[in-house]
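A short write-up of the structure that comes next.
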Amino acid sequence: MSVVTFGESKVALLPHETVLSALERAGQRIPNSCRSGVCQSCLMQAVTGEVPAQSQRGLKPAWVQQGYFLACQCQPAGDLWVALPNKVIPVFSTRVLDKHLAAEGVLVLRLEVPEGFTCRAGQYLHLEMEQVVRSYSVASLPAHDGYIELHIRRVSGGKLSNWLHDHCAIGAVCTIRGPLGECFYLPDATADFPLLLAGTSTGLAPLEGIVRDALQQGHQGPITLIHGVLERNGLYHADKLHQLAATHPNFSYLPAVREEGESGDVALLLKQHFAQHAANATRVFLCGAPELVNSLKRQVFLQGAASCHIHADPFVMAPAAP
Ligand SMILES: Cc1cc2nc3c(=O)[nH]c(=O)nc-3n(C[C@H](O)[C@H](O)[C@H](O)COP(=O)(O)OP(=O)(O)OC[C@H]3O[C@@H](n4cnc5c(N)ncnc54)[C@H](O)[C@@H]3O)c2cc1C
Ligand code: FES
């Protein structure tokens, strides 16, 4: 039986138990959100002991070398002494500058940019409020706009999304950790390759930021943004995006409303895109509901997009409590 030591706590792991669950059982508060190995909010460092390779999947090679691992994925074979990772993910204190509804169930939250915080539109951060940590993508260009904008979908029964919608006050202080993620615009020598961005609901957040970033950096190639929603009242920032399209001839904005038939089928719109643009030159960004993001990722790969040019951020949530 493996024993995990964290500060003053020593806890023996139960069969098939992860380090995260064992430390929580021992009364420790370890940041976590998706519990699926995606968001990296449960990152810890093994000070001594070996962690399984599976718990280091997706981490930067330098972090792997220094013994960082994801506590929600870690079932060690031997004893471990672990610590929180304050050295590798920067932590900032900030406050809420503004909040407003952009559509039914979609909250736009703007935070002050703390001194020293830098981030690319499309990356995500961990927001901690009310002792809960969740991941949210950055929709703004913080250095240019002067605020960090997050788009938060209300999840039925969800702890933080409902608290942010209903109770969070302007001026409230919060902690952010980050930025994380590789989902952002990178120009190359030509800047004329096609960009294809598709997202559902608040999956628009990182994509809107990436489009603005690409346009500001003078991207010359065609940029297509597909925003998929179930019903028309789920569309938001449509005026802003139509306006951006009107002033930038290389940018197309395609709202896709599922209940309106073929015109709302995101998979079909992607297929049509590749009928007009070379798939192997296209950079693809996919964000939002995990099932759709994962199936679109397969689809664009099979249609010829290179895997190194497909960036996907599935918004994975914690599994429902048993
Ligand atoms: C990299 C990354 C980036 C993200 N970016 C964003 C973002 O920009 N905007 C955003 O809104 N979210 C984003 N998320 C999701 C976000 O982190 C939270 O998971 C989400 O806000 C729910 O948190 P909560 O505390 O309200 O819900 P929780 O208290 O965590 O509870 C959610 C519960 O609802 C269940 N559930 C799952 N799907 C549904 C559903 N469709 N309807 C009802 N219940 C469901 C879950 O199983 C879970 O039990 C991102 C996630 C990741 C991993
Ligand atoms: S990666 Fe462990 S909680 Fe998200």
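Annotations for the structure displayed:
- Residues in segment 297-322 that are more than 16 Å from ligand 1 (Cβ to nearest atom) and either of a type outside the set (Gly, Ala, Ser) or over 21 Å from Leu204 (Cβ atoms) (or both): Arg298, Gln299, Val300, Phe301, Leu302, Gln303, Gly304, Ala306, Ser307, Cys308, His309.
- Scope segment 142-166; condition among the β-branched types (Val, Ile, Thr) and either more than 12 Å from ligand 1 (Cβ to nearest atom) or surrounded by fewer than 21 Cβ atoms within 10 Å (Cβ to Cβ) (or both); matching residues: Val155
- Some residue of segment 302-322 being within 16 Å of ligand 2 (Cβ to nearest atom) and among the acidic types (Asp, Glu): yes
- Where Val88 falls short, out of the listed (1) surrounded by fewer than 17 Cβ atoms within 10 Å (Cβ to Cβ); (2) of a type in the set (A, V, I, L, M, F, W, C); (3) within 16 Å of ligand 2 (Cβ to nearest atom); (4) outside any loop (DSSP other than H, G, I, E, B): (4)
- Among the residues of segment 120-141, those that are more than 16 Å from ligand 2 (Cβ to nearest atom) and either surrounded by 14 or more Cβ atoms within 10 Å (Cβ to Cβ) or in a strand (DSSP E or B) (or both) comprise Arg120, Ala121, Gly122, Met129, Val138, Ala139, Ser140, Leu141.
- Flag for Val19 being assigned by TED's automatic domain parsing to the domain that holds Leu164 and in contact (Cβ under 8 Å) with a residue 40 or more places away in the chain: no
- Total residues in segment 255-312, condition without any contact (Cβ under 8 Å) to a residue 24 or more places away in the chain and of a type outside the set (Gly, Ala, Ser): 12
- Lone qualifier among Pro255, Pro222 - being touching a Pro at 6+ places or on another chain (Cβ under 7 Å), open to solvent by 20 Å² or more (accessible area, probe 1.4 Å), at pLDDT 95 or above and over 20 Å from Leu150 (Cβ atoms): Pro222
- Any hit, segment 95-106, residues being open to solvent by less than 10 Å² (accessible area, probe 1.4 Å) and assigned by TED's automatic domain parsing to the domain that holds Val155: yes
The values are calculated or read from the model by the stated rules, or taken from the named source; none is laboratory data. No experiment lies behind these values; they were computed from the predicted model shown. Methodologically, a virtual Cβ is constructed for each residue, glycine included, from the backbone with ideal geometry; neighbour enumeration extends over all protein chains shown. Areas reflect the complete protein model, heavy atoms only, side chains present, ligands, DNA and RNA absent. Shrake-Rupley method; radii C 1.70, N 1.55, O 1.52, S 1.80 Å.
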